[in-house]
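Reading through the structure tokens given below for one structure.
The values are calculated or read from the model by the stated rules, or taken from the named source; none is laboratory data. Because the structure is a prediction, the values reported are computed rather than measured. So basically every Cβ, Gly included, is an ideal-geometry build from the backbone, and we count neighbours across all protein chains shown. Surface accessibility is based on the protein's heavy atoms, side chains included, excluding ligands, DNA and RNA. Shrake-Rupley method; radii C 1.70, N 1.55, O 1.52, S 1.80 Å.
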Amino acid sequence: MDQSTRPGPGQAQGRPVSRRPASPPPGAGDGDSLSTEALASEAVTPDSLGADIAASDPLPLRRRKRPDLTTGPIAKTLLVFALPILGSNMLQSINGSANAIWVSHLLGEAALTATANANQIFFLILSGVMGVTLAANVLIGQAAGAGNIELTKRVVGACCFFFVVAGSLLGLLGVTFTPAILDLMGTPADARADAVAYLRVIFATLPMLAFFNFLIMAQRGLGDSRTPFYFSLTMVTTAVLLNPLLIIGWGPLPELGVAGSAAATFIAQAATMGLMLTLLVRRKSILILHRPDWKYLRPDIGLLSTLIGKGVPMSLQMMLVSLSAVTLMSFVNSYGSATAAAYGAVLQIITYVQMPAMALGASVSTMAAQNLGAGRMDRVNRVAGAGVIYALIATATPVLLIYLFEPTILNAFLPRTSPSFEIARHINALILWGFIFFGVSFVFTGVVRANGVVWPPLIIMILALWGVRVPMAWALEGRFGVDAVWWSFPVGSLAMIAMSTAYFLWGPWRKAGLLAEVAER
């Protein structure tokens, strides 16, 4: 049977499934998107999945072609799909770095420490809902590979319901308990007031931020990574321009201090999401639920249980990463603001080191999900191999560049005369190289998750972070001081890659069937 028409693994018998045409229309090359005329000739309705993927192209189809994630050369397709995701991640990190630069240079080290502490807490709480976003991305990817339009709409409706309820609840709790949370972290006294103001504004944005990220991930699940990049560029540009204006006040804009940095991000995200929704409506995207689809906004207990069941382990994994960072931050805080500010600057640098691997992890997950939905396990294994090679190259390169140009890079976050400057250089020397190995685990985890297998990656993360990294920092701190915290990073990374590689090679994750599980519910 031809690969383009055979059912995906685990597809339920008798369940209505919309499919792409079995053969491309005349004149279309392998991997080409379907044009509107071709869809009409194949008797596919305008709101079908194929039409949505074609229509989501921000440039006319005659000017460029969208890669088909289930056909064509794997290495090239993965790279083309991953680059916009990497660009989006880089833009998000630039936004965070710009916030740190403006706060540090306009308000001082105590304010930078405040934002570093506040961001660790916010990312911990945000992780509680982001797992569902990742689960939705995987499910939409498999549905796209199988051509299942109805499932895609069900996922969109379920996520709308989830993010309105869960995002609002977590945001409210975060705003209420911000002071108590920061006290538990041992936030330095000179940074506490700024941290409270900054974090409360950030928590207020949580419902919108979670839904914004879902829209980004949903578009990627459909195979479009470029449109999210353009919107990320819009959002970051707006935030960077607004940041200093709201921190120090300009014209009619109020002087908000450190809270202005958070407010700039909120305004930029709100404006960008409005533009994104407008564009999706104009394109008649399948991600926009029109009146006949409003039935999907009702709580779908079966689908919600699947999304939450798969999302909770992913959320726990992200929460454990954030919680370990919060725990280590509490260790670092005990050494004073100079060390905490140095660590905050290094955390900004680490985001750039991790970006390529994170982009590749997200890319291989989407690409693997679509191929799993199309029944192409042979391509899934090759996707993983290409991802590993790219991850090693793409992570080692920024590490080398940072070591070569370290004084210049650090000076963007810390004045050279600051006592934190040399502390940050020492931290970099001990921890950065370990992220080269950590990056490979992102790829293996992304492929495994693409088939709905979420608990083994969580267990591996628990063992690496809470069985190795945090205990090592705690046990050896008395002997080596804060250096025990720095050394725990590469040791934890080595443990992570060893376990992730072993599970990918010999674990039973290939036998799972996410679409079959959804069909059963």
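With every protein chain in place, what's the accessible area of Phe504 (1.4 Å probe, Å², nearest 10)?
Here the residue's solvent-accessible area equals roughly 20 Å².
If ligands, DNA and RNA are left out, what is the accessible area of Leu79 with a 1.4 Å probe, given in Å² to the nearest 10?
70
Rounded, prolate or oblate: which fits region 126-215 when a ≥ b ≥ c are the square roots of the eigenvalues of the alpha-carbon gyration tensor, with rounded for a/c under 1.5 and prolate only if a/b beats b/c?
prolate
Rank Met358, Met319, Met130 by accessible area, highest first, at a 1.4 Å probe radius?
Met358, Met319, Met130
Quick one: what are the phi-derived ³J(HN,Hα) couplings along region 381-394, Karplus 6.51/-1.76/1.60 with θ = phi - 60°, whole Hz, x for glycine and proline?
Listing the rounded values in order: 5, 6, 4, 4, x, 5, x, 5, 4, 4, 5, 4, 5, 6 Hz.
Answer rounded, prolate or oblate for region 165-266, using the Cα gyration tensor with square roots of eigenvalues a ≥ b ≥ c: rounded when a/c is under 1.5, else prolate when a/b is larger than b/c, else oblate.
Here region 165-266 falls in the oblate category.
Quick check: Cα centre of region 262-276 to Cα centre of region 98-143, how many Å?
Measuring centre to centre over Cα atoms gives 15 Å.
Relative to the compact-globule scaling 2.2 N^0.38 Å, provide the ratio for the alpha-carbon radius of gyration of region 442-491.
1.45
What percent of all Cα-Cα pairs in the chain falls in each 20 Å bin, counting up from 0?
23, 56, 20, 1
Got a sec to turn the phi values of region 302-318 into Karplus ³J(HN,Hα) couplings, 6.51 cos²θ - 1.76 cosθ + 1.60 with θ = phi - 60°, whole Hz, x for Gly and Pro?
x, 5, 4, 5, 5, 4, 6, x, 7, x, 4, x, 5, 4, 4, 5, 5
Run lengths n ≥ 4 of DSSP H only: what is the helix-derived mean residue ellipticity at 222 nm for the chain, with -39500 (n - 2.57) per run over all residues, to the nearest 500?
-25500 deg cm²/dmol
Counting each pair of different Cα atoms once, what's the Kirkwood radius of region 313-440 in Å, rounded to one decimal?
Across region 313-440, the inverse of the average 1/r is 16.4 Å.
Taking a 28 Å limit on the Cα-Cα distance, which of the listed pairs Lys153/Lys511; Lys153/Lys310; Lys76/Lys295 fall beyond it?
Where the Cα-Cα span goes over 28 Å, the pairs concerned are Lys76/Lys295.
Once the Cα atoms of helix 470-480 and of the chain are each reduced to a long axis, what angle between those two axes, in degrees from 0 to 90 to the nearest 10, is obtained?
In the chain, helix 470-480 runs at an angle near 20 degrees to the longest axis.
Across region 223-234, in residue order, what do the Karplus-derived ³J(HN,Hα) couplings come to in whole Hz, using 6.51 cos²θ - 1.76 cosθ + 1.60 with θ = phi - 60° and x for Gly and Pro?
After applying 6.51 cos²θ - 1.76 cosθ + 1.60, I find x, 10, 9, 7, 4, x, 5, 4, 6, 4, 4, 4 Hz.
Mind checking the dipole of the chain: about its Cα centre, +1 per Lys or Arg Cβ, -1 per Asp or Glu Cβ, Debye to the nearest 20?
On the way: 34 positive and 25 negative charges, 241 e Å.
In total the dipole reaches around 1160 debye.
Strictly greater than 18 Å: what percent of every Cα pair in region 240-302 meets that?
Tail of the P(r) past 18 Å holds 56 percent of the pairs.
Provide, in order from the shortest bin, the percent of all Cα-Cα pairs of region 413-521 in each 5 Å bin, continuing until the bin that contains the maximum pair distance.
For region 413-521, the binned pair fractions read 2, 12, 17, 16, 14, 12, 10, 7, 5, 3, 2, 1, 0 percent.
Over the heavy atoms of Lys76, what accessible area does a 1.4 Å probe trace out, to the nearest 10 Å²?
Accessible surface of Lys76 is approximately 140 Å².
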